[in-house]
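Undergrad: Please find one structure pasted underneath; my questions will follow.
The values are calculated or read from the model by the stated rules, or taken from the named source; none is laboratory data. This is a predicted model, so every value here is computed, not measured. Cβ coordinates were reconstructed from backbone atoms using ideal geometry, including for glycine residues, and neighbour counts include every protein chain displayed.
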Protein chains: 2
Amino acid sequence: MEKIKPTLSKGTRDFLPEEVAKRNFLFEAITKVFSKYGFQQIETPAIERLETLTGKYGDEGDKLLFKILNSGDFLKNVPSEILAEVKSSAALKHIAEKGLRYDLTVPLARYVVQHQDKLAFPFRRFHIGQVWRADRPQKGRYQEFYQCDADIIGSAGLLNEVELILIFTEAFAKLGLHEVELKISNRKILAALAEKMNCAAQFSVLAVAIDKLDKVEKEKVFETLLQEGFSQQQIDVLATYLNLNGTNESILQQLKQFFIGISIGELGIEELETVINTALSVAPNAPIKIDLSLARGLDYYTGFIIEAKNNSGSLRSSIGSGGRYDNLTEIFGGKNLTGVGISFGVERIFDIMEELNLFPENLKSGTQVLFCHFDEVTQNFAFKELQKLRSGNVSAEIYPTVSKLGKQLDYANKKQIQFAVIVGSEEVETQMLTVKNLKEGTQEKVSANVLLQYFKNKYN
Amino acid sequence: MEKIKPTLSKGTRDFLPEEVAKRNFLFEAITKVFSKYGFQQIETPAIERLETLTGKYGDEGDKLLFKILNSGDFLKNVPSEILAEVKSSAALKHIAEKGLRYDLTVPLARYVVQHQDKLAFPFRRFHIGQVWRADRPQKGRYQEFYQCDADIIGSAGLLNEVELILIFTEAFAKLGLHEVELKISNRKILAALAEKMNCAAQFSVLAVAIDKLDKVEKEKVFETLLQEGFSQQQIDVLATYLNLNGTNESILQQLKQFFIGISIGELGIEELETVINTALSVAPNAPIKIDLSLARGLDYYTGFIIEAKNNSGSLRSSIGSGGRYDNLTEIFGGKNLTGVGISFGVERIFDIMEELNLFPENLKSGTQVLFCHFDEVTQNFAFKELQKLRSGNVSAEIYPTVSKLGKQLDYANKKQIQFAVIVGSEEVETQMLTVKNLKEGTQEKVSANVLLQYFKNKYN
């Protein structure tokens, strides 16, 4: 076989043991919160039918879908005129039926409709899994990355929104992210704004424009809207709306004035008020703040919307988001299945925790003890002692060949194993083993009889 | 949007919460054993370059690789004569650069070479992940499924083989699979057999034929070999070899006689003997048995080979396998990186555990307590009580809308939640809550003050 340079496909990553340990720590912390709140884990396949995926993420999204080539003679079914004219877009449906999932939400919609007879509604599920997007890779953006979502399907009650706020609050605190702001709003209020601006037909354009306000200056956004045909009068209404500020309570009062008589607005304000009051009634410190410039560009949100923003370290960005969507399952024939959900930006959270040193120290190596030896006799002796430790659930290894002690200790250091038990002929004879604490540079003699207890005490 | 029937891509699966809980139980049990033995978890991407994957699994394997269509105008770079002649195989390299991993072993080889400066050798890693194969789907065989591998790279010591035997032994016992046989042999003994049969050049053919002996009758296998040009004399040698039997000790003695003077055979027998004796010295009950019909068809094995067979229930089949391979990393430029590894057949193990009822009962729902209520006042009261339970790490939920009690209890039953706390106006007034044990059909009154302690006692 020809030699191949070991290379990753662009936009993908390998994970070293230390990185996997940290990621597991992060996922387990979030999973524990989900479980405590009654969410159950599900899984859907990486591969979905393209029919399921296409058309759900806009034209741009369709382009970013990874498509899987049909097996076998894949060109066979492509009409010859398409091949003759080299029309890739027309050829696509003839050569690819499957793709890789783009998010966890569309598969959830399919899943809920497909398995509705077997699920308990309101269905509270979480899903941690990879998704794939053929985006141009750049720092912090990959073609294969994790998403971590919790959703409640089939219940319109606003307590669901509150539950998700509590989950964000508790999970971020648990991870050590104490400077998080939970920005919330309601798309019904935006719909009312569009009504007040007389531009209900352009609701999406308006929502996308408002969504840009956290990155682009207000004036620029207004300019763009003017270019897109909005009038100065409309912009003035928008500007007044965006100027409403103060405490949550004060903003709610101003909103009520502003949208008086616009029923969808009154409903949205009432929902927002209920969510805030209920959340604060059980979690007075929940960092929720109404943000009227929050819009969540995605078309499918219909009510409550939320975005979690990290305010510590240098990576001050969105680390989670979500909202209520009423019509997501409709495309698959699901009826009356309103949903509300949140997504943790786990890749970003990982980077922030790394920067802020929030991962525990002891994740680095699973192994607590390495047995070192000098020849076959001491190796055999050490191997038996090793098994005793393992039978007591101490994570331990033996260096697997007769090698120089330096090499064995080197291995322990590289792997950040804290203890080395050194078994020489003297140790075999006296049954007193030398235990080196490699972290502290100390050593002592420990009787073979009590070795297990010795390490159990160290680790409990 | 057009309505779409919710359907899975063929050969893929959704997992219901109960199934995910069971699978997590299985993975965690194995992970704990791996960790105790000093193995560290790594991860490689699902998407690899086709260059990395192609040619490693034989022609048949290449056909089963899922290939990912290049993004954008994928036909653009296909030479026009290839399109004109509709030659899929020739077009392939022009329209697909990436594929989905077919196993975890080839990615491991790439990984080890690519990251060797950052790894501690001997490198003990495990990896649990999905792999994809465009196989024809059938009962128990999927196009997307989990593999679960542990390997040690960079150490020729036979203690490594013993460690893997101990892991198999401990993990299967832990899972409740008590009727497992670990069949072992050594490919050097097979090489010696080929030498004795004067067919060293046809070693692969011989190995593949022997490998079939657990499914096909001996006579049929002999017949096939005769048809492939083996002589009767050669078959006689093979037959004598396959007739060697008895205890491990007795087989080793017979092998020594049989291969006397054939040095590679003597070495293989010595290795096998050392592995057996060392394993039994620390784990006298390890169910290891020499099986001379074990060959492990895969070309890359060079020494020790192992296969775990389940002997309980109706699914009596291989549930794990492995062996030593000396040259796996060479294709990526890795030198002196001999490896030895095992793979748990986790999909099969799952099915067997399901059949034998080996999964714990209480996996079914994470939620321990559901709060039920009757109106806004009782709901608010219940919501606060709920948060108290959660703050004490009791997994609990509240029904999120005001609904009939029957509907709320129905939800609890469907989700197999054991306790319902019922909060009516009387309960709010007296602060004595009604706790229903839905499993046992009993109920009692518990003071709100001690509710957390009540459930903590139930679950600790």
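Undergrad: With the requirement that a residue be among the β-branched types (Val, Ile, Thr) and either over 18 Å from A:ILE306 (Cβ atoms) or in contact with a Leu (Cβ under 6 Å, 6 or more places away or on another chain) (or both), what does the stretch A:183-207 give you?
TA: Once the filter is applied, which keeps residues that are among the β-branched types (Val, Ile, Thr) and either over 18 Å from A:ILE306 (Cβ atoms) or in contact with a Leu (Cβ under 6 Å, 6 or more places away or on another chain) (or both), the stretch A:183-207 yields only A:VAL205.
Undergrad: Would you say B:VAL402 is assigned to a loop (DSSP other than H, G, I, E, B), touching a strand residue (DSSP E or B) at 6+ places or on another chain (Cβ under 8 Å), β-branched (Val, Ile, Thr) and more than 18 Å from A:ASN160 (Cβ to Cβ)?
TA: It is false that B:VAL402 is assigned to a loop (DSSP other than H, G, I, E, B), touching a strand residue (DSSP E or B) at 6+ places or on another chain (Cβ under 8 Å), β-branched (Val, Ile, Thr) and more than 18 Å from A:ASN160 (Cβ to Cβ).
Undergrad: Could you identify the single residue in A:LYS212, A:LYS289 that is in contact with a helix residue (DSSP H, G or I) (Cβ under 9 Å, 6 or more places away or on another chain) and modelled with pLDDT under 95?
TA: When all the criteria are applied, what remains is A:LYS212.
Undergrad: Counting only residues that are at the interface with chain A (Cβ under 7 Å from one of its Cβ atoms) and more than 23 Å from A:GLU19 (Cα to Cα), give me the strands (runs of 3 or more DSSP E) lying completely in the stretch B:34-117 with at least 1 of them.
TA: B:67-69, B:96-100
Undergrad: So, one more: With the condition kept exactly as written, say whether any residue in the stretch A:307-314 is farther than 30 Å from A:ALA156 by Cα, more than 37 Å from the chain's Cα centre (by Cα) and at pLDDT 95 or above.
TA: Checking the stretch A:307-314: not a single residue is farther than 30 Å from A:ALA156 by Cα, more than 37 Å from the chain's Cα centre (by Cα) and at pLDDT 95 or above.
Here is a yes/no grid of residues against (1) within 27 Å of B:GLY339 (Cβ to Cβ); (2) assigned by TED's automatic domain parsing to the domain that holds A:LYS22:
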{"residue": "A:GLY345", "(1), (2)": "no, yes"}
{"residue": "A:VAL369", "(1), (2)": "yes, no"}
{"residue": "A:ASP375", "(1), (2)": "yes, no"}
{"residue": "A:GLN379", "(1), (2)": "yes, no"}
{"residue": "A:LEU389", "(1), (2)": "yes, no"}
{"residue": "A:VAL402", "(1), (2)": "yes, no"}
{"residue": "A:LEU409", "(1), (2)": "yes, no"}
{"residue": "A:VAL428", "(1), (2)": "no, no"}
{"residue": "A:THR442", "(1), (2)": "no, no"}
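Undergrad: Which of the residues spanning the stretch A:340-362 are under 30 Å from A:VAL421 (Cβ atoms) and crowded, with 17+ Cβ neighbours inside 10 Å?
TA: If the condition is that a residue be under 30 Å from A:VAL421 (Cβ atoms) and crowded, with 17+ Cβ neighbours inside 10 Å, then A:PHE359 is the only one that fits.
Undergrad: Taking only the stretch A:194-220 into account, find how many residues are within 19 Å of A:PHE258 (Cβ to Cβ) and either assigned to a helix (DSSP H, G or I) or charged (D, E, K, R) (or both).
TA: 11
Undergrad: If we scan the stretch A:383-392, do we find a residue that is among the polar types (S, T, N, Q), part of a helix (DSSP H, G or I) and under 37 Å from the mean Cα position of the chain (by Cα)?
TA: Yes; the residues of the stretch A:383-392 include at least one that is among the polar types (S, T, N, Q), part of a helix (DSSP H, G or I) and under 37 Å from the mean Cα position of the chain (by Cα).
Undergrad: Turning to a different aspect of this structure: Given the structure, is B:PHE172 among the aromatic types (Phe, Trp, Tyr) and in contact with a strand residue (DSSP E or B) (Cβ under 9 Å, 6 or more places away or on another chain)?
TA: The answer is yes for B:PHE172.
Undergrad: Surrounded by 21 or more Cβ atoms within 10 Å (Cβ to Cβ), among the small types (Gly, Ala, Ser), part of a loop (DSSP other than H, G, I, E, B) and not assigned by TED's automatic domain parsing to the domain that holds B:TYR411 - does that describe any residue in the stretch B:312-330?
TA: no
Undergrad: Read through the list (1) over 25 Å from the mean Cα position of the chain (by Cα); (2) β-branched (Val, Ile, Thr); (3) part of a helix (DSSP H, G or I), then give the number of the only condition that B:ILE260 fails.
TA: Checking B:ILE260 against (1) over 25 Å from the mean Cα position of the chain (by Cα); (2) β-branched (Val, Ile, Thr); (3) part of a helix (DSSP H, G or I), the one that fails is (3).
Undergrad: Here's another thing I want to ask about it. Identify all residues within the stretch A:130-151 that are in contact with a Phe, Trp or Tyr (Cβ under 7 Å, 6 or more places away or on another chain) and not acidic (Asp, Glu); write none if there are none.
TA: A:GLN130, A:VAL131, A:TRP132, A:ARG133, A:ALA134, A:GLN143, A:CYS148, A:ALA150
For every residue, the table says whether it meets (1) buried (at least 22 other Cβ atoms within 10 Å of the Cβ); (2) in contact with a His (Cβ under 7 Å, 6 or more places away or on another chain); (3) under 29 Å from A:LEU358 (Cα atoms).
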position	(1), (2), (3)
A:THR7	no, no, no
A:GLU19	no, no, yes
A:ILE30	yes, no, yes
A:PHE34	yes, no, yes
A:TYR37	yes, no, yes
A:GLY61	no, no, no
A:ILE95	yes, no, no
A:PRO107	yes, no, no
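Undergrad: I need the full set of residues from the stretch A:318-333 which are more than 13 Å from A:ASP151 (Cβ to Cβ), within 13 Å of chain B (Cβ to nearest Cβ) and not aromatic (Phe, Trp, Tyr), in order please.
TA: If the condition is that a residue be more than 13 Å from A:ASP151 (Cβ to Cβ), within 13 Å of chain B (Cβ to nearest Cβ) and not aromatic (Phe, Trp, Tyr), then A:ASN327, A:GLU330, A:ILE331, A:GLY333 are the ones that fit.
Undergrad: Follow-up. Filter the stretch B:130-140 down to the residues that are in a strand (DSSP E or B) and more than 10 Å from chain A (Cβ to nearest Cβ), then identify the one that is farthest from A:SER403 (Cα to Cα).
TA: For the stretch B:130-140, the residue satisfying everything is B:GLN138.
Undergrad: If I filter the stretch B:133-145 for residues that are at pLDDT 95 or above and either crowded, with 24+ Cβ neighbours inside 10 Å or within 24 Å of B:ILE251 (Cα to Cα) (or both), do I get at least one hit?
TA: No.
Undergrad: Do we have any residue at all in the stretch B:247-256 that's aliphatic (A, V, I, L, M), surrounded by 14 or more Cβ atoms within 10 Å (Cβ to Cβ) and either in a loop (DSSP other than H, G, I, E, B) or modelled with pLDDT under 95 (or both)?
TA: no
Undergrad: Let me ask you something else. Go through the stretch A:232-246 and report how many residues are in a loop (DSSP other than H, G, I, E, B) and over 16 Å from A:LYS183 (Cα atoms).
TA: Final tally of qualifying residues: 0.
Undergrad: To continue, here is another question. Select, from B:LEU337, B:LEU280, the only residue that is assigned to a helix (DSSP H, G or I), of a type in the set (A, V, I, L, M, F, W, C), surrounded by 15 or more Cβ atoms within 10 Å (Cβ to Cβ) and assigned by TED's automatic domain parsing to the domain that holds B:ILE184.
TA: B:LEU280
Undergrad: Separate question: Would you check which residues across the stretch A:45-59 are surrounded by fewer than 22 Cβ atoms within 10 Å (Cβ to Cβ) and either of a type in the set (Val, Ile, Thr) or under 19 Å from A:LEU104 (Cβ atoms) (or both) and list them?
TA: Passing the criteria: A:ARG49, A:LEU50, A:GLU51, A:THR54, A:GLY55, A:LYS56, A:TYR57, A:GLY58.
One line per residue, one yes/no per condition, for (1) under 26 Å from B:THR31 (Cβ atoms); (2) crowded, with 19+ Cβ neighbours inside 10 Å; (3) not hydroxyl-bearing (Ser, Thr, Tyr):
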| site | (1), (2), (3) |
| --- | --- |
| A:ASP375 | no, no, yes |
| A:GLU385 | yes, yes, yes |
| A:SER395 | yes, yes, no |
| A:LYS404 | no, no, yes |
| A:VAL421 | yes, yes, yes |
| A:GLN431 | no, no, yes |
| A:LYS445 | no, no, yes |
| A:TYR459 | yes, no, no |
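Conditions tested, residue by residue: (1) modelled with pLDDT of 95 or more; (2) out of contact with any strand residue (DSSP E or B) (no Cβ under 9 Å at 6 or more places or on another chain); (3) outside the structural domain of B:SER155 (by TED's automatic domain parsing).
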residue	(1), (2), (3)
B:SER80	no, yes, yes
B:GLU85	no, yes, yes
B:PRO107	yes, no, no
B:TYR111	yes, no, no
B:GLN114	yes, yes, no
B:PHE126	yes, no, no
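Undergrad: Do you know which of the residues in the stretch B:1-24 that are more than 7 Å from chain A (Cβ to nearest Cβ) and of a type in the set (D, E, K, R) is farthest from B:ASN362 (Cα to Cα)?
TA: B:GLU2
Undergrad: When you look at B:LYS456, is it at pLDDT below 95, in a helix (DSSP H, G or I) and at negative phi, yes or no?
TA: yes
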